[in-house]
Amino acid sequence: MKDTHKHQGLRNQLVKIISDKGITDKNVLKAIAAIPRHLFMDSSFADFAYQDKAFPIAADQTISQPYTVAFQTQLLEVKNNHKILEIGTGSGYQTAVLLEMGAKVYTIERQMELFKKTKLFLPKLRYKPKNMIFGDGYKGLPEEAPFDGIIVTAGAPTVPNALLAQLKIGGKLVIPVGDEDQIMTLFIRTSEKDFEKHELGKFRFVPMLKEKN
Ligand code: SAH
């Protein structure tokens with residue numbers, strides 16, 4: 001499938017919608033304007049790719065709503081060359097947003113089907129994460145820690161201590177916490193032992209799962 005002027009026009013409208021909803025980070029908006037979201041989705045949903053909605057992808061998972069992607073990414077305050085860990089690769093759309101913003105991205109997915117599909121797909125669009133890992137995001141990626149930012153894109157019943165421990169001082173963890181609904185939660189590591197916690201409203205994600213299939 002191709003990326004056309006029509007798609008670019010639809011993307012520009014989407015950027016307007018999410019900036020009207022309160023997203024102000026110019027680099028986030030630029031990334032959304034640049035990424036062909038329709039190519040990250042099943043062709044049966046591609047016509048709806050520039051609506052501000054979540055849609056099904058493989059393995060009963062979803063590609064997050066663009067506003068949610070933008071909101072989480074804005075909270076991370078991504079800078080060029082930041083080292084970022086993403087939990088829940090899924091379609092790779094959020095990964096692409098982070099890469100567009102110049103981050104060095106490590107991303108973990110626990111479903112083999114999605115892991116394989118997205119690992120093949122992202123390089124076709126010239127998106128090259130530092131590493132894509134098939135594994136359990138609850139453990140983070142200790143061998144690459146510490147990170148400037150960690151973003152969890154599935155609903156976490158509890159906050160994994162391993163993720164807090166893998167932040168740099170000044171680093172941020174953005175994680176939706178809760179079972180059915182989640183509260184978007186931002187942790188900022190202020191010292192070796194201390195974290196600031198901010199709660200930023202309700203969202204709904206697919207659950208972060210403990211056991212592998
Ligand atoms: N960022 C994705 C969102 C996908 S939905 C996108 O933009 O498309 C959440 C993803 O988290 C799913 O792919 C799911 O399989 C994955 N996931 C759930 N529990 C996980 C865990 N414990 N470790 C890593 N990934 C997990």
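The table below lists the values:
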| quantity | calculated |
| --- | --- |
| Subset tally (residues that are within 14 Å of residue 188 (Cα to Cα), in contact (Cβ under 8 Å) with a residue 24 or more places away in the chain and surrounded by fewer than 15 Cβ atoms within 10 Å (Cβ to Cβ)) for segment 121-167 | 1 |
| Pairs, first surrounded by fewer than 21 Cβ atoms within 10 Å (Cβ to Cβ) in segment 69-97, second among the acidic types (Asp, Glu), C-beta under 6 Å, six or more apart | 74/25; 82/148; 83/148 |
| Lone unmet requirement of (1) in contact with a helix residue (DSSP H, G or I) (Cβ under 7 Å, 6 or more places away or on another chain); (2) free of Cβ contacts under 8 Å to residues at least 60 places away in the same chain; (3) of a type outside the set (Lys, Arg) for residue 208 | (2) |
| Test: residue in segment 182-195 that is without any contact (Cβ under 8 Å) to a residue 40 or more places away in the chain, within 16 Å of the ligand (Cβ to nearest atom), polar (S, T, N, Q) and within 19 Å of residue 54 (Cα to Cα) | yes |
| Test: residue 39 is over 23 Å from residue 128 (Cα atoms), touching a residue at least 40 places away in the same chain (Cβ under 8 Å) and among the aliphatic types (A, V, I, L, M) | no |
| Number of the exception - residue 24 against (1) outside any helix (DSSP H, G or I); (2) hydroxyl-bearing (Ser, Thr, Tyr); (3) surrounded by 15 or more Cβ atoms within 10 Å (Cβ to Cβ) | (3) |
| Test: residue in segment 173-182 that is over 14 Å from residue 72 (Cα atoms) and crowded, with 22+ Cβ neighbours inside 10 Å | no |
| Selection from segment 71-86 of residues that are within 11 Å of the ligand (Cβ to nearest atom) and in a strand (DSSP E or B) | 85, 86 |
| Helices (runs of 4 or more DSSP H) wholly inside segment 87-175 containing at least 3 residues that are out of contact with any His (no Cβ under 7 Å at 6 or more places or on another chain), under 15 Å from residue 69 (Cα atoms) and within 12 Å of the ligand (Cβ to nearest atom) | 93-100 |
| Which numbered condition residue 57 fails, given (1) near the ligand (Cβ under 9 Å from one of its atoms); (2) closer than 25 Å to residue 200 by Cα; (3) among the hydrophobic types (A, V, I, L, M, F, W, C) | (2) |
| Segment 40-64: number of residues that are surrounded by fewer than 20 Cβ atoms within 10 Å (Cβ to Cβ) and assigned to a helix (DSSP H, G or I) | 6 |
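Every number in this text was worked out from the coordinates using simple rules, so none of it is lab data. All of these numbers come straight from a predicted model, not from anything done at the bench. Ideal geometry is used to build each Cβ from the backbone, glycine not excepted, and the neighbour counts take in all protein chains shown.
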